[in-house]
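Reviewing the structure listed below.
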Amino acid sequence: MYQDFIAVGRISGAHGIKGEIKIFPLTDDLQRFCDLDYFICENKRYTIEAVRFHQAQVLAVVKEIKDRTEAEKFKGKLIQVERADAVTLEEGEYFVEELKGLRVYDTSSERVCKLKDIMQTGAVDVLVFDCDGKELMMPYLKKYVSEVNIAESYMKADLSNGIWA
């Protein structure tokens, strides 16, 4: 399940009147934004001129965004980078986009679900599964997730620790 682009943030709004955008980071390393020259949003490339940090968010000056009205149009949109420009991960670390859509084999039963989403809450990520049209949520902890295989598009997890939504 190879992705050409990796999501690194979601635009949460405009900041100030000159068109700065606020980015909610989807990466563990905020400093990563200091090294970015660009991002891709809805298949268009944007040039980052400057970044700074404010209250756990990234504020970015983007060459193509000239004022607050224009910046507000980006609210809620994902920003991505090309996979070749993504940071190198350690063994056992994955990009959120790589995990979404994996088949999930429940080690506590015969159930097979699909990983629908990952909610990043700050303290611990929460896995959201689609199990026959019903949503199940569970913290993403090694004691519950026994195997992740990106190449073969599956995960093994003990879903008995989840909560039905």
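The values are calculated or read from the model by the stated rules, or taken from the named source; none is laboratory data. It should be emphasised that the depicted structure is a prediction, and the values quoted were computed from it without experimental measurement. Positions of Cβ are backbone-derived with ideal geometry, glycine not excepted, and every protein chain shown enters the neighbour counts. These accessible areas exclude ligands, DNA and RNA; they are computed on the full protein's heavy atoms, side chains included. Shrake-Rupley method; radii C 1.70, N 1.55, O 1.52, S 1.80 Å.
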Looking only at 99, 141, 127, which one moves most when the chain is put into a Gaussian network model with springs between Cα atoms under 10 Å?
141
Which of 62, 145, 124 ends up with the largest GNM mean-square fluctuation for the chain, with Cα atoms connected below 10 Å?
124
If you project the alpha carbons of the range 121-165 onto the principal axes, what extent comes out on each, in Å, largest first?
29, 28, 17
Length gained, residue 37-residue 135, 0.36 nm per residue minus C-alpha separation, equals 31.5 nm
Normalised by the number of residues in the range 55-165, what is the relative contact order in percent for Cα pairs under 8 Å and 6+ residues apart?
19
Taking the dipole of the range 1-156 about the Cα centre (Lys, Arg +1; Asp, Glu -1; charges at Cβ), the one of 136, 118, 53 that reaches farthest to the positive side is 53
Using the alpha-carbon centroid of each, what span in Å lies between the range 130-164 and the range 1-68?
30
Long-range amide H partners of residue 12 with built H, under 5 Å
22, 23, 24, 76
Determine the calculated [θ] at 222 nm for the chain from helices alone, applying -39500 (n - 2.57) to every DSSP H run no shorter than 4 residues and normalising by the residue count; nearest 500 deg cm²/dmol.
-1000 deg cm²/dmol
Placing unit charges on C-beta atoms (Lys and Arg positive, Asp and Glu negative, everything else neutral), compute the dipole magnitude of the range 48-165 about its Cα centre in debye, rounded to 20.
380
Relative packing of peptides 131-137, 71-77, 20-26 - highest average C-beta neighbours within 10 Å first
20-26, 71-77, 131-137
Among all cysteines in the chain, which have no other cysteine Cβ under 4.7 Å from their own Cβ?
34, 41
Note down, for the chain, the three equivalent ellipsoid semi-axes (square root of 5 times each alpha carbon gyration tensor eigenvalue), biggest first, whole angstrom.
34, 16, 14
Too long at a 21 Å Cα-Cα cut-off: which of 22/66; 77/156; 44/66; 18/75; 22/116; 22/114?
77/156; 22/116; 22/114
Of all the accessible heavy-atom surface of the chain, with the other protein chains kept in place and a 1.4 Å probe, what percent is carbon and sulfur?
47
Read phi for every residue in the range 53-61 and hand back ³J(HN,Hα) as whole Hz from Karplus 6.51 cos²θ - 1.76 cosθ + 1.60, θ = phi - 60°, with x for Gly and Pro.
10, 8, 6, 6, 10, 9, 9, 10, 9
Among 115, 89, 30, which one shows the highest mean-square fluctuation when the chain is modelled as a Gaussian network with alpha-carbon springs under 10 Å?
89
